[in-house]
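Each remark here refers to the structure printed beneath this line.
The values are calculated or read from the model by the stated rules, or taken from the named source; none is laboratory data. Please read these numbers as outputs of a predicted model, since none were measured by experiment. Neighbour counts are summed over all protein chains in view; Cβ atoms, including those assigned to glycine, are modelled from backbone coordinates with ideal geometry. To get the accessible areas, we keep the full protein, side chains included, count just its heavy atoms, and leave off ligands, DNA and RNA. Shrake-Rupley method; radii C 1.70, N 1.55, O 1.52, S 1.80 Å.
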2 protein chains.
Amino acid sequence: MSNIPEICATTVLEVVPLVMRNIRREMRNNRGSDLSVPQFRSLAYLSNNEGTSLSDVAEHIGLSLPSASKLIDGLVNRKLVLRKPSEDDRRRIMLSLTQEGQTTLQSAVQATETYLTRVLAALPENECAEVLHAMQILRPLFASVAP
Amino acid sequence: MSNIPEICATTVLEVVPLVMRNIRREMRNNRGSDLSVPQFRSLAYLSNNEGTSLSDVAEHIGLSLPSASKLIDGLVNRKLVLRKPSEDDRRRIMLSLTQEGQTTLQSAVQATETYLTRVLAALPENECAEVLHAMQILRPLFASVAP
DNA sequence: TCTAATGATTAGACTTGCGAAGTATAGCGC
DNA sequence: GCGCTATACTTCGCAAGTCTAATCATTAGA
């Protein structure tokens, strides 16, 4: 097992909220696609999983069922997402993006790309790659940790 | 400037909230030092900047003055932080950790170290180092971006 | 001294999360 | 077929955390 330096905890607890905060602001300030981070994640997930159920979304983005329901409420009210009762099991609802949902998602992705590109541009190429690689490493690591 | 791959935005927007969420839960579940992330950050900052002012803390952890005031309220009520009006300018307050604040911070740092060590233990040593290095890279990058 | 600026707090609203309880549908044992 | 349990989702009420606007106390400057 690796020897984690003492500085680790405080660094992580400083950097992660910092990045989170900047991302949040960036998504909020985005004209035409003002989204919260969970809203963005819902749209992104739905775009790859057309017709999935609410509980599926909730589990994927790590929210309780009530929270996810309210979250989707907001997106439906903004006409970004369509709720449709499933035909073979009418307890289920099938969620999908509207046309406007698609374009809003596109716009948000684009804006975030632009933002990250701008920020990461300050790095030499190898460090930039290292950061992105670290993200790839972290994803399964933290996704799999038990609640 | 580096060429940021298209996958970047969605990855970052998935990984960062994920890590954030896990950290938050870890700090909350910590018996004896149940702290929110901003609470932790305040304590950590105060431990290195004894006697600093409220506005200083607010700026450092990226909160509005009222939010920071309420945050410190909570810590004062729990007797982790001491509020003392400055003598040369009585509008200012000087903030400092109590003895209990010190030990609570210590305990929280320790618990987070343990948690991160446990999670990162799944990685080969070089990847672990890479992740930690990426954190170091990101800190100044996101700290300096204008609000 | 009066006024403007500064540091902090209070008040009120909003968002976003949760748990508990409620509703509607499905499935199963008899 | 009837009734019980399980499942999918919604509603309700609460708590935490954030902001803006208004306020208070103190200081600095004209």
Determine which single condition B:ARG21 fails, assuming it passes every other condition in (1) more than 9 Å from DNA strand C (Cβ to nearest atom); (2) part of a helix (DSSP H, G or I); (3) not β-branched (Val, Ile, Thr).
(1)
From (1) modelled with pLDDT of 90 or more; (2) under 19 Å from the mean Cα position of the chain (by Cα), pick out the condition that doesn't hold for A:ARG90.
(2)
Within the stretch A:103-135, residues open to solvent by 20 Å² or more (accessible area, probe 1.4 Å) and more than 7 Å from every other protein chain (Cβ to nearest Cβ) come out as A:THR103, A:GLN106, A:SER107, A:GLN110, A:ALA111, A:THR114, A:ARG118, A:PRO124, A:ASN126, A:ALA129
How many residues does the stretch A:30-68 hold that are away from every other protein chain (no Cβ under 14 Å), within 11 Å of DNA strand D (Cβ to nearest atom) and surrounded by fewer than 17 Cβ atoms within 10 Å (Cβ to Cβ)?
6
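Taking the stretch A:69-83 only, how many residues are near DNA strand D (Cβ under 10 Å from one of its atoms) and of a type outside the set (A, V, I, L, M, F, W, C)?
Quick first cut of the stretch A:69-83, residues near DNA strand D (Cβ under 10 Å from one of its atoms) only: A:69-73, A:76, A:83.
After this cut, where a residue has to be of a type outside the set (A, V, I, L, M, F, W, C) as well, the list is A:69-70, A:73, A:83.
Of the residues in the stretch A:69-83, 4 are near DNA strand D (Cβ under 10 Å from one of its atoms) and of a type outside the set (A, V, I, L, M, F, W, C).
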